[in-house]
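Here the structure comes first, spelled out in structure tokens, and everything after it is commentary.
The values are calculated or read from the model by the stated rules, or taken from the named source; none is laboratory data. Source: prediction; values computed, not measured. Please note: Cβ atoms are built from the backbone with ideal geometry, for glycine as well, and neighbour counts cover all protein chains shown. The protein model used for the area step is the full one, side chains on, heavy atoms only, and it has no ligands, DNA or RNA in it. Shrake-Rupley method; radii C 1.70, N 1.55, O 1.52, S 1.80 Å.
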Amino acid sequence: MRLPHAAARLLPPLPTGIALRPRRGAAQTPEQVRRHTRRHGAGSGLGGTAVPFLHSAAGRGGGAVSRLVCLRLENKTKGKLQKQTCQVVLDHFEKQYSTELGDAWSSVREVLTYPLCWQHAVLLNKFSHTADLEDTLCAQGYHPAFRGTLPYLPRSLKCYVSRTPRRFPSQKHQAGKLKEYYLLNAASVLPVLALEVKDGEDVLDLCAAPGGKSVAILQCASPGELHCNEYDELRSRWLKQTMESFIPRPLFNLITVSILDGRQIGELKPEFYDKVLVDAPCSNDKSWLFSSDIQQATLRLLQRKELSVLQFQLLRSAIKALRPGGSLVYSTCTLSKAENSDVINLVLNSCTNVIPVDISEIAQAVSQQFTFHSDTQQHELLVLPEKGRAWGPMYIAKLKKV
């Protein structure tokens, strides 16, 4: 979850929810949402031009066609990716992260400031993908992202990555037709794996837009209820469209999409959920580095301190919404200690009914695919992007309610 303007989340809660079925004429296309978020600084981490993938051509020269489409897409987006870094933001990061990350910062900075080396993963949709798609991915040099012995790795979750920076073509939203895959940062799947959702459990995705982690949850298990909440109305429309693009209509009765203030859900539904994911609004390091408006960038940096307050409030709400014995995973896409471990430590010190959960096994199992910061506790992970493994930034922490 990314949020360019902290103040937007500090407004009074909206009184109504949004049903899964969109209002006629109200839904916007992903491209419209992308244009809006590019103007206002939010980012899904996807971007790019939507290109339909014709899997039916595989096996009949389709591999060459797909490679040609990928090449054209790479050439078309290369100019967009070669943007100038915002010096104000870079100077701020230089001062903060050289202290917090030490020697690791120089290699992380090299990746963050060079988008052409960023990588994208392909999360398959178990409700619609075909064997031809997996064959095409393998033919183009993709391989499964999670090949270690993880504590939790459902067979139905299939995510492919490539060792070299490349972008598989995205698919357009088509009403009544499911997409075969979702493009995302492979590190975004780690919070879902840490959550360990099982069939029949009631799950809350507190800050769900644009919907990638909700889609990943549904690849892993069939919850009793999946409540996807997103406070921003525009992003909530995008979330609804994501659900419609990936989930068969018969499963819609398992899903609730709302636009509630996440800080109040704990009061509205106390001790209701078995699992809660808080993919919190945060300072998105990747997008902030390429702010085109210096004044906006300066304002963001000033507002950055407010985010930790909001994140703490969301976590308190999530804890209230958890049943005793339930688990909570907190995640962000920033390297900032103030928004990561400091927030979790504050929760642990102020909430006597939660305890940390060891997730170090996850890092050990996927250490060949991801780089983790060494200076973390056993209940937290920090994915550091580096060349060849340009995943993250992604912070993950797990707590249990007692």
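Restricting the search to the stretch 184-222, which residues are among the charged types (D, E, K, R) and in contact with a Cys (Cβ under 6 Å, 6 or more places away or on another chain)? Outline the logic, then answer.
Initially, the stretch 184-222 is screened for residues among the charged types (D, E, K, R), giving 196, 198-199, 201-202, 205, 213.
Asp205 - this is the single residue of the stretch 184-222 that is among the charged types (D, E, K, R) and in contact with a Cys (Cβ under 6 Å, 6 or more places away or on another chain).
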**Asked** What is the number of the single condition among (1) surrounded by fewer than 24 Cβ atoms within 10 Å (Cβ to Cβ); (2) free of Cβ contacts under 8 Å to residues at least 60 places away in the same chain; (3) not aromatic (Phe, Trp, Tyr) that Gln311 does not meet?
**Response** (1)
**Prompt:** Given the conditions (1) under 17 Å from His379 (Cα atoms); (2) surrounded by fewer than 21 Cβ atoms within 10 Å (Cβ to Cβ), and given that Glu339 satisfies all but one, which numbered condition is not satisfied?
**Reply:** (2)
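Identify all residues within the stretch 231-250 that are part of a helix (DSSP H, G or I) and loosely packed, with under 15 Cβ neighbours inside 10 Å; write none if there are none.
Glu233, Arg249, Pro250
Do we find that Thr352 is assigned to a loop (DSSP other than H, G, I, E, B), open to solvent by 20 Å² or more (accessible area, probe 1.4 Å) and either over 29 Å from Val111 (Cβ atoms) or without any contact (Cβ under 8 Å) to a residue 12 or more places away in the chain (or both) in this structure? I'd like the intermediate steps shown before the answer.
Values: assigned to a loop (DSSP other than H, G, I, E, B): yes; open to solvent by 20 Å² or more (accessible area, probe 1.4 Å): yes; either over 29 Å from Val111 (Cβ atoms) or without any contact (Cβ under 8 Å) to a residue 12 or more places away in the chain (or both): yes.
Here the answer is yes, as Thr352 does meet what is asked.
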**Prompt:** Quick check: anything in the stretch 353-369 over 18 Å from Leu193 (Cβ atoms) and in contact with a Cys (Cβ under 6 Å, 6 or more places away or on another chain)?
**Reply:** no
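So, Gly388, is that one on the phi > 0 side of the Ramachandran plot, within 22 Å of the chain's Cα centre (by Cα) and open to solvent by less than 10 Å² (accessible area, probe 1.4 Å) or not? Give the derivation first.
Details: on the phi > 0 side of the Ramachandran plot: yes; within 22 Å of the chain's Cα centre (by Cα): yes; open to solvent by less than 10 Å² (accessible area, probe 1.4 Å): no.
No.
Considering only the stretch 366-378, how many residues are open to solvent by less than 20 Å² (accessible area, probe 1.4 Å) and over 12 Å from Ala187 (Cβ atoms)?
Here is the first cut: in the stretch 366-378, the residues open to solvent by less than 20 Å² (accessible area, probe 1.4 Å) are 366, 370.
Restricting the remaining residues to those that are over 12 Å from Ala187 (Cβ atoms) gives none.
The number of residues fulfilling the criteria is 0.
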**Message:** Tally up the residues in the stretch 251-284 that are open to solvent by 60 Å² or more (accessible area, probe 1.4 Å) and at pLDDT below 95, please.
**Reply:** 1
